[in-house]
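One structure below.
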Amino acid sequence: MDGLSYRSAGIAVRADLAAAHLRAWRRLAAPGTWLDAARRVAIAAETRAARDCAYCAECKAALSPYRVPGWHRSATDLPGNVVEVVHRIATDPGRLTRAWFDSAMASGIEETEFVETVGVAATTIAVDVFCRAIGVPPHPLPPPQPGEPPRTRPTGAKAGPAWVAMLAPEDRTAEEACLDGVYVSPDPTFIRRALSLVPREAAGLFDMVDAQYLPGRLIPDVAGRYRAIDRAQMELIAGRVSAINMCFY
């Protein structure tokens, strides 16, 4: 795992970006807050497998993805309800519905486990797509590390406008100090609160976002140039990718 690098890439990759991906892979291999390391690595493997799942392709092409009969082609021994969640998130997130989410909860998946699963899948996709974009093979998944997750839920997390509970800035305690780097304003946007039911997962994801996009504290500075392209170019690319992926945020 410590060998994760982009030295074989045909282009130069910023050192801070490579370091962020290495930290992401290390987090992937370690016990999370609710899921042990074996489950986290299996979710990453299943996220990759979804790209070659014929059932996912049929659902993606259908007018209504929930009217297509069939089964996902699994690459792991994860339970079927977890495979369903991972594959849908990986292949067709723009058409997830509240009814689908409620069905996942009714199947026995805990709300906290769902949030951590989203974080693991998002991390895997981000690193894998970057590798594909620069023409290098995906990194081997890391071996799971021993240990048990603490399974602690923020006491201040509340139900609200999202499908899952979130943690408002004013409801944090010292136990959620890891969110300091995520909540970079007094009223953080909902995209920054999205995974806050599992603070460590949110902090880990935004550690990578800071490198792949911009650190949160720099976002209001629309005139500054902190990357090889300027902010207008960055937002044009971001807007186009969001539209293609049906991300309406």
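The values are calculated or read from the model by the stated rules, or taken from the named source; none is laboratory data. Here the structure is a predicted model, which means the values were calculated and not measured. All Cβ positions, glycine included, derive from the backbone under ideal geometry; neighbour counts span all protein chains shown. In case anyone asks, the SASA skips ligands and DNA or RNA and just uses the protein heavy atoms, side chains included. Shrake-Rupley method; radii C 1.70, N 1.55, O 1.52, S 1.80 Å.
Hey, among the residues in segment 127-143 that are closer than 24 Å to Arg88 by Cα and either among the acidic types (Asp, Glu) or surrounded by 17 or more Cβ atoms within 10 Å (Cβ to Cβ) (or both), which one's nearest to the chain's Cα centre (by Cα)? So the residue we want is Val127.
Using the structure shown, decide if Arg192 is part of a helix (DSSP H, G or I), surrounded by 15 or more Cβ atoms within 10 Å (Cβ to Cβ) and among the charged types (D, E, K, R). It is true that Arg192 is part of a helix (DSSP H, G or I), surrounded by 15 or more Cβ atoms within 10 Å (Cβ to Cβ) and among the charged types (D, E, K, R). Being over 19 Å from Pro93 (Cβ atoms) and touching a residue at least 12 places away in the same chain (Cβ under 8 Å) is a property that Pro31 has. The single residue among Ala38, Ala50, Ala20, Ala24 that is open to solvent by 10 Å² or more (accessible area, probe 1.4 Å), in contact (Cβ under 8 Å) with a residue 12 or more places away in the chain, assigned to a helix (DSSP H, G or I) and not hydroxyl-bearing (Ser, Thr, Tyr) turns out to be Ala38.
Here's the yes/no breakdown for (1) out of contact with any strand residue (DSSP E or B) (no Cβ under 9 Å at 6 or more places or on another chain); (2) within 21 Å of Gln212 (Cβ to Cβ); (3) of a type in the set (Phe, Trp, Tyr); (4) modelled with pLDDT of 95 or more:
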| residue | (1), (2), (3), (4) |
| --- | --- |
| Arg7 | yes, yes, no, no |
| Val13 | yes, yes, no, yes |
| Leu28 | yes, yes, no, yes |
| Leu35 | yes, no, no, yes |
| Arg48 | yes, yes, no, yes |
| Arg51 | yes, yes, no, yes |
| Tyr55 | yes, no, yes, yes |
| Cys59 | yes, no, no, yes |
| Gly70 | yes, no, no, yes |
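Looking at this structure, is Glu116 in contact (Cβ under 8 Å) with a residue 60 or more places away in the chain and either open to solvent by 20 Å² or more (accessible area, probe 1.4 Å) or of a type in the set (S, T, N, Q) (or both)? No.
Given the condition open to solvent by less than 60 Å² (accessible area, probe 1.4 Å), of a type in the set (Val, Ile, Thr) and farther than 24 Å from Asp102 by Cα, answer yes or no: does some residue in segment 179-186 qualify? Scanning segment 179-186, I find at least one residue that is open to solvent by less than 60 Å² (accessible area, probe 1.4 Å), of a type in the set (Val, Ile, Thr) and farther than 24 Å from Asp102 by Cα, so the answer is yes. Take Pro199 and decide whether it is touching a Phe, Trp or Tyr at 6+ places or on another chain (Cβ under 6 Å) and surrounded by 17 or more Cβ atoms within 10 Å (Cβ to Cβ). Spelling it out, it is not the case that Pro199 is touching a Phe, Trp or Tyr at 6+ places or on another chain (Cβ under 6 Å) and surrounded by 17 or more Cβ atoms within 10 Å (Cβ to Cβ). Per the listing Thr173, Thr189, the residue uniquely under 29 Å from Ala37 (Cα atoms) and without any contact (Cβ under 8 Å) to a residue 24 or more places away in the chain is Thr173.
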